[in-house]
Amino acid sequence: MEEKRIDFYPTHRHGEFKLRPGRPFPYGATLVPGGVNFSVMSRSATACTLVLFEKGENQPLAEIPFPDSFRIGNVWCMVVFDLDAEGIEYGYRMDGPFNPQSGHRFDRNVVLLDPCAKAISGRDVWGREPDWSRPFPHRGRLVFEDFDWEDDRPLELPLEDLVIYEMHVRGFTRHPSSGARHPGTFAAIREKIPYLKDLGVNCVELMPIYEFDEFENSRRHPETGQMLYNYWGYSTVGFFAPKTGFAATGRLGMQVDELKTLVKELHRQGLEVMLDVVFNHTAEGNEKGPTISFRGLDNQTYYMLTPEGYYYNFSGCGNTLNCNNPIVRNMVLDCLRYWASEYHIDGFRFDLAAILGRDPSGAPLPNPPLLESIAYDPILGKCKLIAEAWDAGGLYQVGSFPAYGRWAEWNGKYRDDLRKWLKGEPGLAAAVAQRVQGSPDLYGWNGRGPTASIDFITCHDGFTLYDLVAYDGKHNEANGEGNRDGSDDNNSWNCGCEGESADPDVNALRRRQIKNAWALLMLSHGVPMVLSGDEMGHTQRGNNNAYCQDSEISWIDWDRLEHNPDLHRFARAMTAFRHAHPVLRSRDHVRNQDFVGSGLADITWHGTQAWKPDWSGSSRALAWMLCGRHAKGGTVQDNTLYAAASTYWEPLDFELPRPPEGRAWHVAVNTGMPSPEDIFAPGQEPRLENQSRFLVGPRSVVVLIAK
Amino acid sequence: MAFNVDLVMKGSEAHLTLSGELDAVSAGALKGTVETAAGNNPTKLIMHMQNLSFMASAGLRVLIFAKQKMGEQVGITLIGCQAPVRSTLEMSGFHRSVYLQDAE
């Protein structure tokens with residue numbers, strides 16, 4: 001009986017509080033029999049005080065200095081008995097030098113958030129104007145680890161079989177048209193699981209859900225008066241705590257339960273959960289920013305500092321987390337392990353991950369310890385690891401990110417080449433050929449395989465798919481920065497009219513282009529990622545940087561499903577097509593040879609003439625054939641598929657290669673045809689009358705299936 | 001309104017009748033009663049919630065405790081939850097672990 005252990009009786013007192021020396025591990029606040037173990041680290045602090053608040057109170061309930069004998073090395077640890085775990089908030093005061101030049105910014109007037117706090121109060125309801133006079137708004141809360149997971153565990157779906165759906169937790173259901181009972185929350189996503197399952201995606205990638213402050217740099221638009229928030233949340237306040245304001249139960253302090261319930265339910269329905277994590281910087285900004293946690297705990301350890309003590313800014317957000325400092329490295333690892341084990345998270349996408357490979361002075365490391373440690377960590381051993389392989393300091397590592405056999409990358413080149421191809425730029429055939437076979441030019445040289453490539457055409461950052469074909473340029477006026485923010489390098493094409501159009505030809509072309517994009521993405525080797533809402537033609541009205549838009553610009557308008565049923569139908573059927581054909585989901589790159597004796601190489605290339613691809617600088621046509629007997633390295637049988645893509649503005653007559661002996665070509669997909677003849681359900685594909693030629697319509701994608 | 005909980009065993013069923021407001025302070029009393037009920041090795045735990053007007057997260061924690069204390073084979077039924085209590089259960093997802101039943 002744990003509660004009767006002799007080593008868990010109080011040995012000290014502070015006023016009415018009973019204490020005993022704590023344990024250094026785990027860092028943070030942990031419930032132990034009869035009390036709470038508080039443990040916090042600082043290399044340069046000279047003393048530490050635990051500050052306890054009753055929930056929501058401005059003045060502390062108590063301040064308990066850690067006795068000297070409670071410090072082990074640089075760690076202060078203490079058990080406080082008989083605390084009301086439900087009603088307590090906590091923080092720390094740290095004593096130490098204030099000497100920015102040497103990297104120290106201690107200030108005992110500030111109550112600091114525990115960097116390991118597992119729940120954080122202060123922004124309990126999204127967008128509720130804070131009481132700005134409240135001191136130390138972000139406070140740690142205690143978390144019970146009694147969630148009933150039943151038999152749940154991460155799904156461990158093969159990476160090549162994933163279709164990733166990137167979403168913003170709030171934006172996904174905040175719009176009144178979502179019909180969700182608790183719009184904009186974790187609970188509301190749960191209501192939409194049947195929709196996601198029906199669409200065919202099997203992994204949701206949640207944009208940042210670590211606690212952040214939507215009021216960071218919040219402001220009103222100078223002309224419209226609209227409130228602008230830190231909506232995306234790429235600015236972490238606490239790495240171990242879910243965003244309280246994303247939980248319908250946040251005001252009750254039950255965000256942990258609500259998120260775990262969502263993960264469990266997604267798993268039950270066959271969907272994995274990936275988190276977009278931001279370890280490159282924090283919400284404290286540069287020297288002018290607020291002191292919330294790290295700066296006051298151990299500035300010199302947590303941040304990359306110039307020799308003069310200023311903050312390096314490789315993130316573009318004011319500071320840079322000192323990821324390859326051994327202490328910070330351990331914190332990042334502990335954090336990932338915590339989410340993998342305690343929340344059953346299936347994988348992580350690392351924002352501006354190139355920063356994770358820089359040394360404390362900012363220089364790129366050839367063998368970054370943090371990336372290696374993550375790759376080899378046993379607890380993370382089955383987690384998907386995805387890097388956004390660049391940073392704001394100019395380090396671009398697509399194709400060269402240190403992978404250790406584990407890391408995949410957001411393939412920025414896939415996005416750029418596919419966009420250029422779609423808009424009709426000539427001479428892209430060779431590049432697109434690389435992209436659709438999983439970018440062996442990027443990932444083949446070191447044996448990483450197509451699953452190193454997260455293929456995407458759109459993501460949260462930039463145009464939505466609809467806007468990609470409806471706008472030539474960005475329209476970010478609503479962000480209040482004179483349209484100067486956001487990328488100018490969009491590779492978009494408006495199909496003849498900027499923005500909404502009444503021209504039926506323009507609209508028909510846009511629909512076709514959206515289908516072309518979805519088709520090419522689902523046909524490509526690698527791991528497809530789609531942006532939430534693209535399947536129904538979600539528009540941000542040309543805004544390509546909706547980071548501050550908690551508004552109809554960013555919220556998914558579910559009425560688009562009714563307006564664009566053909567887009568949704570196509571997206572759903574094309575995704576199903578990918579799942580139905582293992583020949584599209586290879587773990588290894590194609591070899592351009594016949595290694596199963598089928599008489600056909602695993603992949604062959606064609607153009608308007610069979611067996612003669614046009615790699616010239618003026619080419620706008622490309623076709624390829626995937627031999628079904630080579631599916632999954634020849635271990636499973638599939639149909640042979642032939643895909644033809646044309647971005648030419650007139651129809652092109654494609655000569656077809658002969659289908660395998662005894663089989664005939666059937667039409668599975670033809671984006672040149674209006675719905676419902678743009679895509680056919682399995683078994684419903686019409687047989688092609690002329691087996692040797694196919695007239696591919698202007699700017700269209702055709703997929704034939706041999707059976 | 002003060003919290004109150006009564007335990008009655010009806011055969012192998014443990015019936016708990018809750019009333020008032022279940023907050024962090026009163027959760028301890030419920031936890032004690034659940035432990036007493038568990039000591040009788042019931043096959044079912046029936047909680048009559050009609051007169052419970054409020055449940056803080058501490059109350060939910062006791063339900064989780066009950067579920068884990070009794071084991072999977074003991075079904076927990078909550079009868080007649082008022083709207084705010086039901087909403088809390090649904091938002092947090094705990095309604096999937098128990099049976100919710102309308103009052104007769």
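Applying the criterion of being part of a loop (DSSP other than H, G, I, E, B) and either under 17 Å from the mean Cα position of the chain (by Cα) or at pLDDT below 95 (or both) to the residues of segment A:531-540, the residue that is surrounded by the most Cβ atoms within 10 Å (Cβ to Cβ) is A:Gly533. Scanning segment A:384-413 for residues that are outside any loop (DSSP other than H, G, I, E, B) and of a type in the set (A, V, I, L, M) gives A:Leu385, A:Ile386, A:Ala387, A:Ala408.
If I filter segment B:70-91 for residues that are in a helix (DSSP H, G or I), closer than 15 Å to B:Ala14 by Cα and either within 11 Å of chain A (Cβ to nearest Cβ) or not aromatic (Phe, Trp, Tyr) (or both), do I get at least one hit?
The answer is yes, given that some residue of segment B:70-91 is in a helix (DSSP H, G or I), closer than 15 Å to B:Ala14 by Cα and either within 11 Å of chain A (Cβ to nearest Cβ) or not aromatic (Phe, Trp, Tyr) (or both).
Of all residues in segment A:257-282, those being more than 14 Å from every other protein chain (Cβ to nearest Cβ) and either outside any strand (DSSP E or B) or closer than 27 Å to A:Phe98 by Cβ (or both) number 7. Of all the residues in segment A:541-559, those that are under 14 Å from A:Leu468 (Cβ atoms) and more than 19 Å from the chain's Cα centre (by Cα) number 3.
Would you point out which residue out of A:Gly309, A:Gly285 is more than 16 Å from A:Thr236 (Cα to Cα) and assigned to a loop (DSSP other than H, G, I, E, B)?
Residue meeting the stated conditions: A:Gly309.
Residues in segment A:65-87 that are in contact with a helix residue (DSSP H, G or I) (Cβ under 7 Å, 6 or more places away or on another chain) and away from chain B (no Cβ under 14 Å) were compared, and the one that is nearest to A:Ser42 (Cα to Cα) is A:Trp76.
One residue alone among A:Val636, A:Val669 is over 15 Å from A:Trp605 (Cβ atoms) and either in contact with a Phe, Trp or Tyr (Cβ under 9 Å, 6 or more places away or on another chain) or buried (at least 23 other Cβ atoms within 10 Å of the Cβ) (or both), and that residue is A:Val669. Once segment B:92-104 is narrowed to residues that are assigned to a loop (DSSP other than H, G, I, E, B) and within 13 Å of another protein chain (Cβ to nearest Cβ), the residue that is modelled with the highest pLDDT is B:Val98.
Checking the conditions here, which among A:Glu160, A:Glu214, A:Glu166, A:Glu205 is buried (at least 17 other Cβ atoms within 10 Å of the Cβ), under 27 Å from A:Ser235 (Cα atoms), in contact with a helix residue (DSSP H, G or I) (Cβ under 7 Å, 6 or more places away or on another chain) and away from every other protein chain (no Cβ under 14 Å)?
Criteria check complete, one pass: A:Glu214.
Being touching a strand residue (DSSP E or B) at 6+ places or on another chain (Cβ under 9 Å) and not hydroxyl-bearing (Ser, Thr, Tyr) holds for only one residue in A:Ala403, A:Ala392, and it is A:Ala403. Tell me yes or no: at least one residue of segment A:1-22 is part of a loop (DSSP other than H, G, I, E, B), modelled with pLDDT under 95 and within 36 Å of the chain's Cα centre (by Cα). Looking through segment A:1-22, none of the residues is part of a loop (DSSP other than H, G, I, E, B), modelled with pLDDT under 95 and within 36 Å of the chain's Cα centre (by Cα). Of the candidates A:Asp534, A:Asp503, the single residue that is over 17 Å from A:Ile556 (Cα atoms) and of a type in the set (D, E, K, R) is A:Asp503. Looking only at residues of segment A:244-256 that are more than 7 Å from every other protein chain (Cβ to nearest Cβ) and more than 22 Å from the chain's Cα centre (by Cα), we find that the one that is surrounded by the fewest Cβ atoms within 10 Å (Cβ to Cβ) is A:Arg251.
Is one or more of the residues making up segment B:34-52 within 12 Å of another protein chain (Cβ to nearest Cβ), touching a strand residue (DSSP E or B) at 6+ places or on another chain (Cβ under 9 Å) and over 19 Å from A:Leu252 (Cα atoms)?
no
As for segment B:58-66, it holds no residue that is at pLDDT below 90, within 14 Å of chain A (Cβ to nearest Cβ), within 20 Å of A:Gly87 (Cα to Cα) and assigned to a loop (DSSP other than H, G, I, E, B).
Among the residues making up segment A:88-110, a single one is among the charged types (D, E, K, R) and within 14 Å of chain B (Cβ to nearest Cβ): A:Glu89. Of the residues screened, A:Ala187 is not one that is away from every other protein chain (no Cβ under 14 Å), outside any loop (DSSP other than H, G, I, E, B) and either in contact with a His (Cβ under 9 Å, 6 or more places away or on another chain) or touching a residue at least 60 places away in the same chain (Cβ under 8 Å) (or both).
The values are calculated or read from the model by the stated rules, or taken from the named source; none is laboratory data. The shown structure was predicted, so the numbers you read here are calculated from the model rather than taken from an experiment. For neighbour counting, all protein chains shown are included, and Cβ atoms are generated from backbone atoms with ideal geometry for every residue, glycine included.
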